[in-house]
Structure formats: structure tokens, C-alpha cells
1. Assuming 0.36 nm per residue, please report the length gained on full extension of the stretch residue 271 to residue 117 beyond their Cα-Cα distance.
2. Each label point is 7 Å from the Cα along the Cα-to-Cβ direction; what then is the distance between the points at residue 170 and residue 231, in nm?
3. Residue 204 to residue 252: extension gain in nm, 0.36 nm per residue of separation minus the Cα-Cα distance?
4. Counting C-alpha atoms alone, how compact is segment 171-284: give Rg to one decimal and Dmax as a whole number, in angstrom.
5. Using only the alpha-carbon atoms of segment 117-213, report the extent along each of the three principal axes, biggest first, to the nearest angstrom.
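FYI, it's all coordinate maths here, none of it is from the lab. Treat the numbers as computed from the prediction; the structure is a model and nothing was measured. We place every Cβ from the backbone using ideal geometry, glycine too, and count neighbours over all the protein chains shown.
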Amino acid sequence: ACSRNGFSPSWLLGNMASTSGEQPPVEVGSGLDVGSGLDEPVVATPTPAVPDGGGGGATLALSLVLPLVIAAAFFLLFRGRSKSRGNRVVLFGPMGAGKTALSLQLRFGRMTPTYSSLAKTVGRCDLGGGGANAVTLVDVPGSGRLRSQLLSEAASAAVLACVIDGSRLAPQCKEAAGALFDVLSLEAVQRRSPALLVVLSKSEARGAASPESARTLLEAEVQKVRLARTTMADTGGAGTKDIPGFGAAGFSFAQTRLTTQFVSASASTPQLDAVRSFVLKHVG
């Protein structure tokens with residue numbers, strides 16, 4: 001009878017269910033939970049990523065290690081350069097000490113007449129070995145007016161060679177002490193610490209001093225210069241440079257940062273083996 005009046009049986013059943021509190025039928029796959037009656041989204045489970053065979057891990061490790069390798073390489077490179085002293089040998093000392101005669105004998109293997117000069121000489125010198133042991137030899141005049149030239153050359157020297165006439169020890173040590181003080185108190189020398197060779201020339205002369213006596217006398221003369229310079233600075237109210245590491249203590253070559261050796265030598269004999277050996281040991 002209801003169908004005759006235009007009513008559908010399915011509509012009637014749905015209406016009765018809603019008035020009685022029952023849930024309408026749910027189609028399968030609609031995403032609704034029939035038991036709870038709440039609209040809850042269906043959460044999809046993520047698919048785990050498949051490893052690519054370890055290539056990503058290797059790339060990460062390389063990116064971490066490579067900067068360390070480069071930094072270590074630069075450190076070793078510059079460390080090696082900083083340790084290199086070079087091959088420059090600077091001869092200095094009082095006038096008439098025999099610097100030029102030694103320089104010519106080392107460079108050319110022969111003696112030639114020499115005279116005092118106000119100009120430094122620079123030349124290559126092969127100390128033996130077919131050129132493998134070549135050094136640059138700088139002969140700085142002994143005049144005090146050219147002290148600035150000496151300090152300029154000393155700043156880049158691998159070996160500092162102070163030449164003293166061993167047959168006139170006392171006046172030569174007194175004159176050499178001022179130059180030694182200026183060189184040893186130079187900031188560049190303190191930083192680079194070149195080797196120091198004190199050469200007693202003219203060892204063939206009768207009464208030539210021994211290296212031991214020269215060392216004792218030269219240390220005493222350098223100490224006198226230190227005290228004189230310090231006293232002048234205190235009186236004038238100005239600071240002065242000094243050889244570091246001594247203070248009020250007396251000067252001693254053994255307490256400096258420089259490797260120091262005293263040797264006897266002769267340009268006329270010639271007797272230069274000790275000079276060559278020391279220089280080759282401390283250049284490069």
C-alpha cells in the first residue's frame with residue numbers, strides 16, 4: 001500500500017533505524033568504523049627505504065676525512081718550511097780580522113791581496129760536493145758605521161760567523177763585543193736562532209789564542225757592553241734591548257738559544273775544515 005502512495009520500503013527502514021538509535025548500514029571500504037560510530041582517518045603504514053648499497057655512507061665518511069687530510073698536509077708543509085734556515089752565511093767582525101781573506105779562500109781556494117772596504121761582498125761558495133753544498137757567502141765590512149748593513153744581513157742568516165784575529169785577541173774581542181751584542185739582541189735573530197761560529201783567524205801566527213781563551217774573554221767583553229747599555233738606558237729613562245735570558249746574570253754563550261762553536265782557522269795555510277764542517281751542518 002505504501003508503494004502505491006509513492007513511498008519506498010528502503011526509505012522507511014532507514015527512517016525507522018534513525019529514530020530507534022541504530023546505525024545505518026555502512027558500505028565496505030567507506031573508511032568508517034562501524035563499532036565506534038566516529039569518523040577516523042585510515043593511517044597508511046610507510047614503506048621502509050631500501051639501502052642503496054652503502055654509497056651514501058662512504059660519501060659522508062669521505063667528506064669528513066678529506067678536510068682533515070688537507071689540513072694535515074698544509075701543517076706538515078709549512079712546518080717543514082719554518083724549520084728551513086736557508087743557506088746564507090754572514091761573515092762579520094772587527095776591521096783587519098781576516099774576513100775577506102777567509103771569504104776568498106772559501107770561494108776560490110786561493111789567497112789574494114785584500115784591503116779594508118766599506119762595501120759588502122756577496123758570492124756563491126761551493127763547500128764541496130760538486131755544487132750540492134753551495135752556500136751564499138756575505139762579507140760585511142767591520143766599520144761601525146755600517147752596523148745597519150750587518151743587522152739587515154743577520155736577520156736572514158743561517159750561520160753567523162764572527163771572525164776575530166787570534167793573534168790580537170784582547171783588542172779584537174773588545175771591538176767584536178759591540179757587534180755581537182747588537183746581533184744577539186736582534187729580534188729576528190732571537191726568533192730564527194741561527195748558528196753562531198766564532199772563527200779565530202791567523203791561527204798560524206805565533207802566540208795565536210786558543211778557542212777556549214777566546215771564549216772566556218769574549219763573554220766578559222759582551223757582558224761589559226750589556227752593563228754599559230743598560231746603565232745608559234736607566235740614566236736616560238729609556239728602555240733598551242738586551243740579549244734575552246740573562247737579566248742580572250753574566251753573559252754566557254752556553255745560555256743563549258744559538259748553537260755556538262769556537263774554531264781556529266787560517267786562510268794562508270789553509271786551515272778551513274772546521275769552518276766548512278760547521279757551516280754544512282747548519283745550512284739548509
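1. My answer for the length gained is 53.0 nm.
2. Result: 2.0 nm between the two label points.
3. 14.5 nm
4. Gyration radius and largest Cα-Cα distance of segment 171-284: 15.6, 51 Å.
5. Taking max minus min along each principal axis of the Cα atoms, segment 117-213 gives 37, 34, 27 Å.
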